[in-house]
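Trainee: Got a structure for you, questions after.
Please treat every number below as a calculation from the coordinates, not as lab data. A quick note: this is a predicted structure, and the numbers were derived from the prediction, not measured. Please note: Cβ atoms are built from the backbone with ideal geometry, for glycine as well, and neighbour counts cover all protein chains shown.
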Amino acid sequence: MFFKLIKSLTKIEKLLFGGATIVFIISGLILGIEIIQSNTRIEPAVGGEYIEGLVGQPALINPILGTTDVDKSIIRLIFNDLTELAESITDEENRIWTIRLKDNIFWHDGESITSDDIIFTIQLAQNPNTYSPLFTTWQGVIAERISEKEARLTIRTPYVFFRDNLKDLLIVPKHIFMNIPTTNIRLSDYIIEAVGSGSYKFESLQKRRDGFIKKYSLKANENYFGKKPYIEKIEFKFYVKSDELIKAINAGEIDGFGTFEPKLLSSLTRTHQLSSLIIPQYYAVFLNQNSSIPLKDKNVRLALNLAIDRKRIIEEVTKNQAIKINGPLVPVSVGYNTEINKEEDFSKNKANEILDGSGWKMDNENLRSKIINQNAVGLEFNLIIPDSPSLVNAGKIIKENLEAIGARVNLDILDTETINRDIIPTRNYQMILFGNITGRQPDFFSFWHSSQRFHPGLNLALYQNKTADNLIESIRQDTNAQKRKGDINTLQSVIVGDKPAIFLYSPKYLYVRESKLGGSNESWILSPGERFDNIENWYVETNRILK
């Protein structure tokens with residue numbers, strides 16, 4: 001009957017009928033979609049993989065040894081910190097800490113995690129033959145076994161920030177490393193094929209014939225004691241240069257990468273998400289007064305501070321992906337005081353006036369000098385810079401700025417490994433452009449206490465001030481929050497006034513990732529590796545379910 005009716009229609013009526021039918025079908029589909037969307041919701045689903053690109057190589061996948069961002073990124077996925085493993089943490093007067101581990105927590109190889117692992121990890125960090133970056137942090141801590149699940153940590157004096165140390169301590173398995181000589185740990189297969197307790201565990205790696213690791217694969221830990229991650233597999237691909245990384249993401253070979261180099265973003269052609277993450281670290285030019293007669297003159301240090309155009313560095317080098325800083329804390333740090341950290345004026349004229357008034361005279365070659373102890377001393381400095389594109393460019397601007405006021409600056413560009421191995425331990429520099437991490441809490445000890453002027457301390461300015469030392473010690477020990485706040489303010493004023501460094505900027509960590517990735521929504525992180533701290537919430541697969 002229906003077909004007879006269609007045949008009886010004229011050509012125009014058939015066209016009208018066909019159009020109306022199409023409109024009806026489309027309207028129905030749209031209505032159906034709207035009904036489905038209004039009565040269902042999208043939820044993360046288990047499955048899929050996420051591939052991240054990194055420039056560099058994994059070398060020490062061990063939280064007691066790893067120092068590079070590559071190592072630390074992988075470490076955060078494989079290992080747990082002590083606060084994650086603990087069922088409870090109690091303290092007596094911020095000096096004696098008792099940690100009880102959760103029940104039924106295991107290493108990736110099935111062995112139980114016990115208090116012996118806690119004690120072993122701390123003792124490994126304390127061993128000078130380990131050459132651990134945690135050596136200074138854990139000196140003087142006595143670790144004792146109470147039971148299989150409990151350990152006691154005792155420190156000589158109260159330390160209000162000790163809980164942060166516990167959060168930063170990722171535990172390693174005693175049964176894996178106990179029979180390996182400390183000096184051989186770096187040679188062990190376990191230093192790359194790591195055994196941890198985290199939400200992801202080592203699956204495989206691929207090497208070229210020359211030993212370059214191309215790919216490092218992790219899979220979800222099916223026996224993880226915490227929240228299971230949605231993403232089943234995480235893979236890291238490694239590149240020699242940043243331009244290779246950009247080619248890889250544009251070609252769809254990787255899903256994301258992180259960087260402190262904003263210029264890379266201009267080369268992206270693939271649709272992506274971008275997070276500009278605030279991070280509590282900064283770059284400064286640390287001034288070694290022991291290695292330079294001019295730097296002993298506070299007026300010289302003041303003039304150098306005034307001569308450097310931080311705004312230009314941030315605009316040209318970081319493409320405005322940084323925060324200007326003027327003191328030893330960054331705006332996201334606890335205790336940061338805006339009034340104390342007033343913006344340093346950039347003024348070539350003021351810098352010249354200060355130097356003129358201090359007897360530093362300009363010669364015909366635009367180099368200032370001064371007679372000190374009957375000797376002519378030139379305003380000349382050697383500045384060591386890590387071989388990073390952004391830091392090299394910042395160094396060039398600093399050189400230009402300082403030479404404009406009659407100083408001569410010689411740039412010495414070295415790879416980071418050489419600086420960490422040969423330069424910083426010996427303090428063999430006059431000026432060094434380097435980074436500093438302020439941490440969760442304002443513990444200034446490692447970077448500004450006079451006892452930390454020499455290796456393995458990290459007081460890169462070799463700063464000495466008895467008032468500052470007393471304040472640092474009080475801040476670490478005083479449980480009175482109001483007094484501690486006052487001491488932090490005073491300490492910032494003291495350091496800013498002494499000009500032991502030229503504070504520059506706090507860079508933002510730029511995290512680029514595939515648009516399909518969900519669950520990653522941090523606004524700030526403590527360090528690049530901590531971008532994975534909520535990895536259990538990340539997902540690439542979804543399901544639609546009824547509301």
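Trainee: Under 13 Å from the 7 Å Cα→Cβ point of residue 348, by amide nitrogen: which residues of segment 295-333?
Mentor: Backbone N within reach: 307-309.
Trainee: Ok, one more. What residue among 447, 392, 245 has its Cα farthest toward the positive end of the dipole of the chain, where the charges are +1 on Lys, Arg and -1 on Asp, Glu, each on the Cβ?
Mentor: Checking the options against the dipole of the chain, the answer is 245.
Trainee: Anything over 30 Å Cα to Cα? Flag those among 72/102; 311/499; 348/485; 247/516; 72/247, in the order listed.
Mentor: Over 30 Å apart, Cα to Cα: 348/485.
Trainee: Rounded, prolate or oblate for segment 401-547? Axes are the square roots of the Cα gyration tensor eigenvalues, ordered a ≥ b ≥ c, and the cut-off for rounded is a/c under 1.5.
Mentor: Oblate is the answer for segment 401-547, as a/c is 1.5 or above yet b/c matches or exceeds a/b.
Trainee: Could I ask something else about it? How far apart, in nanometres, would the label points at residue 116 and residue 276 be if each is projected 7 angstrom from Cα along the Cα-to-Cβ direction?
Mentor: 5.2 nm
Trainee: Tell me which trypsin sites (Lys or Arg not before Pro) from segment 369-449 have a DSSP coil assignment and no more than 13 other beta carbons within 10 Å of their own.
Mentor: none
Trainee: Helix-only mean residue ellipticity at 222 nm, the chain, DSSP H runs n ≥ 4 weighted -39,500 (n - 2.57), per residue, nearest 500. What is it?
Mentor: Rounded to the nearest 500, it is -8500 deg cm²/dmol.
Trainee: Using a/c under 1.5 as the rounded threshold, could you call segment 56-179 rounded, prolate or oblate? The axes a ≥ b ≥ c are square roots of the C-alpha gyration tensor eigenvalues, and prolate needs a/b larger than b/c, oblate otherwise.
Mentor: Verdict is oblate for segment 56-179.
Trainee: What does the C-alpha gyration tensor say about the overall shape of the chain? Classify as rounded when a/c is under 1.5, otherwise prolate if a/b is larger than b/c, or oblate.
Mentor: Cα axes put the chain in the oblate bin.
Trainee: Still on this structure, please answer the following. With a cut-off of 16 Å, note down the residues of segment 190-224 whose backbone N falls inside the zone around a label point 7 Å from the Cα of residue 104 toward its beta carbon.
Mentor: Inside the label zone: 222-224.
Trainee: Is any residue of segment 47-64 close enough, with backbone N under 11 Å, to a label point placed 7 angstrom from the Cα of residue 244 along the Cα-Cβ axis, and if so, which?
Mentor: 54-57
Trainee: Work out the FRET efficiency for residue 298 and residue 521 from their Cβ-Cβ distance, taking R0 = 35 Å, and round it to the nearest 0.05.
Mentor: 0.15
Trainee: Structure shown: which of 361/396; 296/370; 227/508; 399/508 lie over 21 Å apart, alpha-carbon to alpha-carbon?
Mentor: Cα-Cα > 21 Å for 361/396; 227/508; 399/508; rest within.
Trainee: As a footprinting exposure proxy, order 50, 509 by other Cβ within 10 Å, with the fewest listed first.
Mentor: Going from sparsest to densest Cβ surroundings: 509, 50.
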